Amino acid sequence: MFKKIREKVDEATQQGMARGAQDFRQHAEQFRQAAAAQGHDITPQLPTPQPAAQALRGLTADPDMAAFMALPPEEQLRQQQELQAYGTELRRLYDTCEPATLVIRALEPTGRTIAGQAQYTATLEVTRAGGSTYRTVTRLITPQATIQQYAPGTRHEARVDPADPAKVAVFGPID
C-alpha cells in the first residue's frame, strides 16, 4: 500500500513540475517581451533544482511572496512592472537629484503588496543640503525582512527632486 501511495505522490510531483515549467516558460516569454519593448534583452532561465528548492523553502517564510507567486502570470507581470517603475524612479532620483538626509517620523503599512513586497506610507522630515527642513509623505516599498531599517526615528541618506521636493527617495540608514 505504501508503494502505491509513493507512486501516486511521485506522479503528482512530476505532473506539478511539468505544469510549473510550462507556466514558467509562458511567464518568462511575457516578461522577455515586456523587457524588449523597453529596449532590454532579458531571457529568464528556469532555475536548477537546488536553487528552486531553496526558493520554495523561502516562500514558507515569506507569506507575501507566496501570495504573489500564487497569482496568475498576467498579474505577476503587472506587479513586476509596477515594482520596476518604482525602482526606475528611485534610480532617477539617486542619479540626478540633490543629496539630503531625512528622519522617518512615521511608517504605516498600506495593506498593499507589490510583487511580494509590502508598501508603506512614510512621513519624512527632510533636511536639504542648504539646511532647510520640511515634512513630506511618500510611499516606500520594501521586503518585510528589511522593514526594521525604516523604523520611526531612523536617519537615512536621501535624494530630493529640486523641481518637486515632495519627490523624495529614501536610501541607506545613517548611523
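Between residue 85 and residue 11, the modelled label-to-label distance comes to 4.7 nm, taking each label 7 Å out from Cα in the direction of the beta carbon. Give the residues of segment 59-94 whose amide nitrogen is closer than 19 Å to a point set 7 Å from the Cα of residue 36 in the direction of its Cβ. Correct set: 74, 77-78, 81. Mean projection of the Cα convex hull over all viewing directions, computed for segment 53-175: 8.5 nm². Summarising the label geometry, the points placed 7 Å from Cα in the beta-carbon direction at residue 24 and residue 147 lie 3.0 nm from one another.
Each reported figure results from applying straightforward, stated rules to the coordinates on display, with no laboratory input. None of these values were measured; they are calculated from a predicted model. Quick reminder, even Gly has a Cβ in these numbers, built from the backbone with ideal geometry, and neighbours come from all protein chains shown.
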